[in-house]
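> Next up is a structure, given as structure tokens.
Every number here is computed from the coordinates shown, using simple stated rules; none is lab data. Bear in mind the structure is a predicted one, so any value in this text is a computation, not a measurement. For neighbour counting, all protein chains shown are included, and Cβ atoms are generated from backbone atoms with ideal geometry for every residue, glycine included.
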There are 2 protein chains.
Amino acid sequence: MEEWDEIEVPRNVKDIFIEMKNTAELMVDLAYSSILFNEEEMAEEVLELEEYLDLLNYHLMVHAVLAARSPKEAEQITSILHMAHAIDDMSNAAADLAKMVLEGVELHPVITEAILGSEEIIGKIYVSADSILVGKTLEELDLATNTGVWIVAVRRGKRWIFDPDGDFKIFPGDILIGRGTNTSIDYLKEIARGNIKVMGNE
Amino acid sequence: MEEWDEIEVPRNVKDIFIEMKNTAELMVDLAYSSILFNEEEMAEEVLELEEYLDLLNYHLMVHAVLAARSPKEAEQITSILHMAHAIDDMSNAAADLAKMVLEGVELHPVITEAILGSEEIIGKIYVSADSILVGKTLEELDLATNTGVWIVAVRRGKRWIFDPDGDFKIFPGDILIGRGTNTSIDYLKEIARGNIKVMGNE
């Protein structure tokens, strides 16, 4: 478990709030991925993110309550706390999903089928050495726009990188965990295999 | 309010489950959209979807409980109910967000900033008459793969179409509500304005 008190928390309400929303959404993606691939380490990451989100929520409340100066402001600030609460609920639901993996519950095959049969699915994309992805950063590639796939994690050797940054550079042999439609995941798989050499709106 | 007892519910556990997951995800997108654009009709749709999801959840439980034949099956089926519960929690959080719109709560500007400043944002895309989108169906366009934007709703004149199907054909003047990264929303806006005439991996 990491020490969150060493972690830098954004300093203003807006940035804390954005961080909360992004974190909750990442947690949902990682939770489904951890179930699909039965990945305990990924499930643990979801629970760590839940703690981080609780910390963010606490800071948000402190900042928000301090900021109230008038009844109108108080009502507006209540709306922030209300939305933060909803985001926290979503993150708790994601954590509940991750706990299923950690508790080693015998999962029904329908669960995998549902995650793979939804409008947005989770896919595992193997990067071969002759793919145009190799050596480029996620920012350069902008896979979200060019292929419709959102990268939530990368497996490199025995190591997981969760929520990789824009300056993360893809290596041959990386396994990308992405969220997207069936078509967009298939498209990225073809690129990652080296079968498609020009991507998206290039 | 529509009558859900006239609505067709999928007939097996897998399809009910997929429908639940898709519905909850749509609810989250629509809830954020309703807040961002202060759209009561959209918020009402979220609450209607919540009722639909409750109905799906009920049918899922009946089917699942009926299916249990052995202790191992019972454990597996419990995992389905567990996941359905988490999905239901997410949908309730989305409904809580939508209620903020319907209750006319004075929203803090930071809320809009957070929705527009996240990694995935919601955007409003106006379709001009000379856009390549016009006259094509969503299935033909496959915007999710080709632009990275997920269409959650369309405004046509005074009417909303929520969660449009693949055979939905885009008209000039349509306003698309999409979820995607900033870059992908901007890209689709340029296509919708008619400034970009070739899209994605064509």
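> With an 8 Å cut-off on Cα pairs and a minimum separation of 6 or more residues, tell me the relative contact order of segment B:91-168 in percent.
18 percent
> How large is the helix-only mean residue ellipticity at 222 nm for chain A, computed as the sum of -39500 (n - 2.57) over DSSP H runs with n ≥ 4, divided by its residue count, in deg cm²/dmol to the nearest 500?
Here the helix-only value at 222 nm equals -19000 deg cm²/dmol.
> Against the longest principal axis of chain B, how steep is helix B:40-67, in degrees 0 to 90 to the nearest 10, with axes from Cα atoms?
Approximately 30 degrees, to the nearest ten.
> Of the cross-linked pairs A:21/B:14; A:124/A:158; B:136/B:197, which ones have a Cα-Cα span greater than 18 Å in the structure shown?
As for pairs spanning more than 18 Å Cα to Cα, those are A:21/B:14.
> Further question: Round to the nearest 10 and give me the degree value, 0 to 90, for the angle of helix A:182-193's Cα axis relative to the longest principal axis of chain A.
60 degrees
> Could you sort A:149-161, B:21-33, B:39-51 so that the peptide with the highest average Cβ count within 10 Å comes first and the rest follow in order?
B:21-33, B:39-51, A:149-161
> Another question, if that's okay. Name the trypsin sites (Lys or Arg not before Pro) in segment B:64-135 that are in a loop by DSSP and that have at most 12 other C-beta atoms within 10 Å, would you?
B:69
> Report, as an integer, the average count of C-beta atoms from other chains found within 10 Å of each Cβ along A:134-146.
3
> For the protein assembly as shown, what class follows from the C-alpha gyration tensor (a ≥ b ≥ c being the square roots of its eigenvalues): rounded when a/c is under 1.5, otherwise prolate if a/b is larger than b/c, else oblate?
Because its axes are fairly even, with a/c under 1.5, the protein assembly as shown counts as rounded.
> Roughly how far apart, in whole Å, are the Cα centres of segment B:55-80 and segment A:169-201?
If we compute the Cα centre of each part, the gap is 36 Å.
> Another question about this same structure. Along the positive direction of the dipole of segment A:4-109 (beta-carbon charges: Lys, Arg +1; Asp, Glu -1; about the Cα centre), which of A:101, A:85, A:70 reaches farthest?
So the residue furthest toward the plus end is A:70.
> Right, next: What does the charge dipole of the protein assembly as shown about its Cα centre add up to, to the nearest 20 debye, if the Cβ of each Lys and Arg holds +1 and the Cβ of each Asp and Glu holds -1?
1320 debye
> To the nearest 20 debye, what charge dipole does segment A:4-109 have about its Cα centre, counting +1 at the Cβ of each Lys and Arg and -1 at the Cβ of each Asp and Glu?
Dipole about the Cα centre, nearest 20: 820 debye.
> Relative contact order of chain B: what whole-number percent is it, with Cα pairs under 8 angstrom and at least 6 residues apart?
Rounded, it is 21 percent for chain B.
> By its C-alpha gyration tensor, with a ≥ b ≥ c as the square roots of the eigenvalues, how is chain B shaped: rounded for a/c under 1.5, else prolate for a/b larger than b/c, else oblate?
Cα axes put chain B in the prolate bin.
> Report, in degrees rounded to the nearest 10, the 0 to 90 angle that the Cα long axis of helix B:71-102 makes with the longest principal axis of chain B.
Relative to chain B, helix B:71-102 is tipped by roughly 40 degrees.
> First check a/c for segment A:125-202, with a ≥ b ≥ c the square roots of the eigenvalues of its C-alpha gyration tensor; if it is under 1.5, answer rounded, and if not, answer prolate when a/b is larger than b/c or oblate otherwise.
rounded
> Which value, in debye to the nearest 20, gives the size of the charge dipole of segment A:7-56 about its Cα centre, when Lys and Arg are +1 and Asp and Glu are -1 at the Cβ?
400 debye
> Just A:80, A:191, A:122 to compare: in a GNM of chain A, with alpha carbon springs under 10 Å, which one fluctuates most?
Per the Cα network of chain A with a 10 Å cutoff, A:80 tops the list.
> Let me ask something additional. Among B:125, B:77, B:175, which one moves the most in a GNM of chain B with springs linking Cα atoms closer than 10 Å?
B:77
> Further question: How would you rank A:52, A:126, going from fewest to most other Cβ atoms within 10 Å of each one's own Cβ?
A:126, A:52
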